[in-house]
Amino acid sequence: MSNTPSNVEFTAPDESKTFLKQELAKKQKQLMQLTLDSDPLERANLQYDISELMLDIAKPGMPEAAWGMSKESFKIYMQNKQWEDAVRCCDLLYRTELPGSIVALGNGLWLSVTYPIDPELSILMLNNLIEDTPAKADGAAVAAVVAHHIADLRLKGEKRDSIMFLTMNMIAKVAERHSQVKNQEQMNFWMSKLELNDPDIYLPRLAQVIDAIVADTWWYDRDELRAQLPVN
């Protein structure tokens with residue numbers, strides 16, 4: 001016998017799809033009502049929301065449409081120095097699984113490591129890289145260690161502890177699939193062997209990994225952005 005309370009209602013898949021389509025139509029109507037004088041960030045936000053809905057609906061042609069919308073939002077966010085929103089667009093573009101998705105991931109990764117955005121979003125992007133990297137490749141190990149580094153650097157208190165527990169598990173999973181690491185002694189040897197204990201080594205290695213997956217298809221001028229960074 002089910003223990004589910006009788007007053008609990010579940011949304012059937014068909015009802016969920018109907019809701020998503022209604023939300024999509026509403027957002028599209030709002031977008032059509034914008035004028036040339038409208039706030040560009042309002043346009044970018046609506047286009048991003050529409051892109052998310054399109055991916056959720058997952059009909060043929062939707063990923064391509066979502067790509068166009070979200071890429072335009074990305075450009076607006078970059079122009080307005082909204083780095084976190086720009087990274088969210090890159091994550092969405094990556095999730096379309098279209099041919100350019102890996103380039104989108106690389107562009108988002110560079111921003112998410114360079115700028116002090118929400119560390120959980122940065123870690124999400126690094127986990128995307130881990131999932132897209134062959135088990136035996138060192139790039140996943142570097143990404144996992146950088147995720148741990150970001151959690152340590154950008155978070156405080158209980159939030160830091162909980163996220164660092166998560167990133168330590170990410171490292172452990174990568175180590176197991178990479179080299180069948182099962183215990184702390186093996187972990188220590190593995191970390192030392194791959195030079196994963198020194199940020200002066202693993203951060204430049206991540207940069208090399210990102211360079212490799214972007215393959216010069218950068219959507220912004222990194223030198224210009226570096227020059228605008230505050231000097232510590």
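What to note about this one:
- Hits in the stretch 97-121 - residues which are of a type in the set (S, T, N, Q) and on the phi > 0 side of the Ramachandran plot: none
- Tally of residues being surrounded by 12 or more Cβ atoms within 10 Å (Cβ to Cβ), of a type outside the set (V, I, T) and within 21 Å of I102 (Cα to Cα) across the stretch 209-232: 5
- Inter-residue pairs, beta-carbon under 7 Å, first outside the structural domain of T167 (by TED's automatic domain parsing) and without any contact (Cβ under 8 Å) to a residue 12 or more places away in the chain and in the stretch 142-154, second surrounded by fewer than 22 Cβ atoms within 10 Å (Cβ to Cβ) and of a type in the set (K, R), 6+ apart: none
- Among the residues of the stretch 155-168, those that are in contact (Cβ under 8 Å) with a residue 24 or more places away in the chain and either hydroxyl-bearing (S, T, Y) or in contact with a Pro (Cβ under 6 Å, 6 or more places away or on another chain) (or both) comprise L155, T167.
- Filter result (under 18 Å from Y77 (Cβ atoms) and of a type outside the set (A, V, I, L, M)) within the stretch 41-61: E42, R43, N45, Q47, Y48, D49, S51, E52
- From the options M168, M191, M187, residue that is over 19 Å from G108 (Cα atoms) and within 23 Å of the chain's Cα centre (by Cα): M168
- Evaluation of L206 against the conditions (1) under 21 Å from W110 (Cα atoms); (2) surrounded by 15 or more Cβ atoms within 10 Å (Cβ to Cβ); (3) free of Cβ contacts under 8 Å to residues at least 60 places away in the same chain; (4) not polar (S, T, N, Q) shows that the sole unmet condition is (3).
The values are calculated or read from the model by the stated rules, or taken from the named source; none is laboratory data. Not measured: the values here are computed from a predicted model. Cβ atoms come from the backbone with ideal geometry, glycine included; neighbour counts cover every protein chain shown.
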